[in-house]
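The values are calculated or read from the model by the stated rules, or taken from the named source; none is laboratory data. Worth saying up front: this structure is predicted, and the values here are computed from it rather than measured. Don't worry about glycine lacking a Cβ; one is built from the backbone with ideal geometry, like all the others, and counts go over all protein chains shown.
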Amino acid sequence: MKEFAKDYHVIAVDNRGYGDTDKPTGTQNYTIDQIVEDTRQLVEALNKRDIILVAHDWGGIVGWGMAAKYPELVQKLVIINSPHPGMFRRKSWKQFLYSWYMLFFSLPVLPEFALKSNDYFAFDYSFINGNGRPLLPDDQLEAYKYTFHKNGFTAPLNWYRASIKRYPPKNPLPKNMQIKVPTLIVWGKKDKYLTSQLAEAHEHVDDLTLHYIENCSHWTQMDQPDLVNKYMRQFLVKK
C-alpha cells in the first residue's frame, strides 16, 4: 500500500467475518459467491470501475470469482499465491497432504481452541519464511493477536467450513471461471500450503503473466515485497 498509494487510490478491506466487519452466524453465510457480492457492492458503493484487484490466498479466491463474474469492473487482476479454482480441483496427492489444515479447520470448536492456545502461537508459527525468519515485527504480530482475541476465530474459520460443506450458492459464479482480464500471478515457491504447479493457470486465463519467486514462502508480499512491487509495476504499465 505504501508503494502504490502515491499513484493510485489504494483501498484495503477486511472481508466478511474479519476484523470489525459484520459476522453473521451460520456457516452458510460464508460461501465465496456471497463474499464476491460483498466486493462488488463495495466497488459500486465507492463509485469505482476499472479497478486493479490485488489479492492473496483466500482473498485470491474472491479475486478470481470477481474477475470471472464482473470483468467490466476489473481492469487488471493481481493474484499472489492463490490457485485458480480450476487448478485446485485437480490437486495432486502432494497438495492433498499440504491441505491437511483445511480439513482440521472444518471441524467444530477444536480449531478455535487450538488457534487461541499458548498465547496465539499459531501466528508466531505461521508468519515465518522458509528459513525460519519472522516476517512481521513484534508490534504488527501483536496487532493480529489482539484483533483475533477481540473478535474470535469462528467467522474466519467459517470460510473453510463453507468451502468443505459446499452449500448451494445464492449468487452462482460462472461455471468455467474463465478469466478474460489481464492477470498477473506472483508465486513464492517455498509455499508450505500450496504447490507451485497450482500457479500454471494458462488454460483458465486468456492473458496471463506468471512470475515465480525462489526461496519465498506463502506470505510472498511480506517475504519479498520489493520483488512483488517490481513485478506489479511492470504489469501495470504493460499495455
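Does K145 satisfy the criteria of being surrounded by fewer than 16 Cβ atoms within 10 Å (Cβ to Cβ) and in a helix (DSSP H, G or I)? Before the answer, list the steps.
Details: surrounded by fewer than 16 Cβ atoms within 10 Å (Cβ to Cβ): no; in a helix (DSSP H, G or I): yes.
No.
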- Task: Quick one: in the range 79-103, of everything that is at pLDDT below 85 and not in a helix (DSSP H, G or I), which residue is nearest to R161 (Cα to Cα)?
- Result: R89
- Query: How many of the residues in the range 1-45 are loosely packed, with under 11 Cβ neighbours inside 10 Å and either under 17 Å from the mean Cα position of the chain (by Cα) or in a loop (DSSP other than H, G, I, E, B) (or both)?
  - Reply: 11
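May I ask you to verify whether T183 is without any contact (Cβ under 8 Å) to a residue 60 or more places away in the chain and polar (S, T, N, Q)?
Values: without any contact (Cβ under 8 Å) to a residue 60 or more places away in the chain: no; polar (S, T, N, Q): yes.
Criteria not met by T183.
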- The one condition T209 fails out of (1) farther than 19 Å from V36 by Cβ; (2) at pLDDT below 95; (3) among the polar types (S, T, N, Q) is (2)
